[in-house]
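Undergrad: Dropping a structure here in structure tokens format, bear with me for questions.
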Amino acid sequence: MDGANAAREFLKGHGLAPQTLQLVWDIVALHTSPGIAEYKEAEVALLNYGVALDVVGRGYQDLSEQQRQEIIMQFPRTDFKKTIIPTFYEGFKHKPDTTFGNMNADICACMAPDFHRKNFCDAILYSPWAD
């Protein structure tokens, strides 16, 4: 959400309509939310699809070899697989609790051996409500 908030705040100073500011917020906030993004505006879905293709290869088989080579020529993947996980981790290692319920918990588990991932069942079972 940090990036979404920062993008919205930056664009507020450029006189964009509130609907556009909300769209930008949704695009950034939901770009790692499969299952949600594809039901939003085309711009939100498009960034989600692009990120999924770039990071995990979703839809790779739908591209021709020529299309793949054109992408690589424009955007070389210099050690991408080796550098992307630590790069992601740098963005939220100072606030690992924000990874609950999203794929960033997987990154914390990979990068920080002492990371204990929270889960929804524990949240229910250890809720302060008395039964």
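FYI, it's all coordinate maths here, none of it is from the lab. Given the structure is predicted, the values throughout are model-derived calculations rather than measurements. Methodologically, a virtual Cβ is constructed for each residue, glycine included, from the backbone with ideal geometry; neighbour enumeration extends over all protein chains shown.
Undergrad: Which FRET efficiency, nearest 0.05, do Ser33 and Ala130 yield, Cβ-Cβ r, R0 30 Å? It would help to have the intermediate numbers written out before the result.
TA: Working: r = 34 Å, r/R0 = 1.13.
Efficiency computed from Cβ-Cβ geometry: 0.30.
Undergrad: Could you give the size of the charge dipole of segment 1-76 about its Cα centre, using +1 on the Cβ of each K and R and -1 on the Cβ of each D and E, expressed in debye and rounded to the nearest 20?
TA: Its charge dipole is roughly 160 debye.
Undergrad: Between Leu46 and Ala6, what is the spin-label point distance in nm, taking each point 7 Å from the Cα along the Cα→C-beta axis?
TA: A separation of 2.3 nm, rounded to one decimal place.
Undergrad: Please list, or write none, the aspartates and glutamates whose alpha carbon is within less than 13 Å of the alpha carbon of Lys40, excluding same-chain residues fewer than 8 places away.
TA: Reachable aspartates and glutamates: Asp26.
Undergrad: To continue, here is another question. So what is the calculated 222 nm ellipticity per residue for the chain, using -39500 (n - 2.57) for each DSSP H run with n of 4 or more, over all residues, to the nearest 500 deg cm²/dmol?
TA: Working: 7 runs with 75 residues, N = 131.
So the helix-based figure for the chain works out to -17000 deg cm²/dmol.
Undergrad: Tyr60: net charge of surrounding residues, Cβ under 13 Å, Lys/Arg +1, Asp/Glu -1, itself excluded?
TA: 0
Undergrad: Hey, how many Å between the Cα centroid of segment 87-131 and the Cα centroid of segment 24-62?
TA: Value for the Cα centre distance between the two parts: 22 Å.
Undergrad: Please build a GNM for the chain, connecting alpha carbons under 10 Å apart, and tell me which residue among Ala109, Ala29, Ala37 fluctuates the most.
TA: Ala109
Undergrad: Count charges around Asp97 for me, please; just the other residues with Cβ under 11 Å from its Cβ, Lys/Arg as +1, Asp/Glu as -1.
TA: Working: positive: Lys95, Arg117, Lys118; negative: none.
So the environment of Asp97 carries a net charge of +3.
Undergrad: Sort out the exposed loop chymotrypsin sites (Phe, Trp or Tyr not before Pro) in the chain (DSSP loop, at most 10 other Cβ within 10 Å) and tell me the longest stretch that has none.
TA: Longest gap between qualifying sites, sites excluded: 1-125.
Undergrad: With springs only between Cα atoms under 10 Å, which of Glu38, Glu65, Glu90 fluctuates most in a Gaussian network model of the chain?
TA: Glu65
Undergrad: Another question, if that's okay. Any chance you could give the angle, 0 to 90 degrees and rounded to 10, that helix 65-74 forms with the longest Cα principal axis of the chain?
TA: Approximately 80 degrees, to the nearest 10.
Undergrad: Something else now. Sort the chain into rounded, prolate or oblate with this rule: let a ≥ b ≥ c be the square roots of the eigenvalues of the Cα gyration tensor; rounded if a/c is under 1.5, and if a/c is not under 1.5, prolate when a/b is larger than b/c, oblate otherwise.
TA: oblate
Undergrad: Within straight cross-link reach of Lys82, meaning Cα distance under 29 Å, which lysines are found once same-chain residues fewer than 8 apart are removed?
TA: Lys93, Lys95, Lys118
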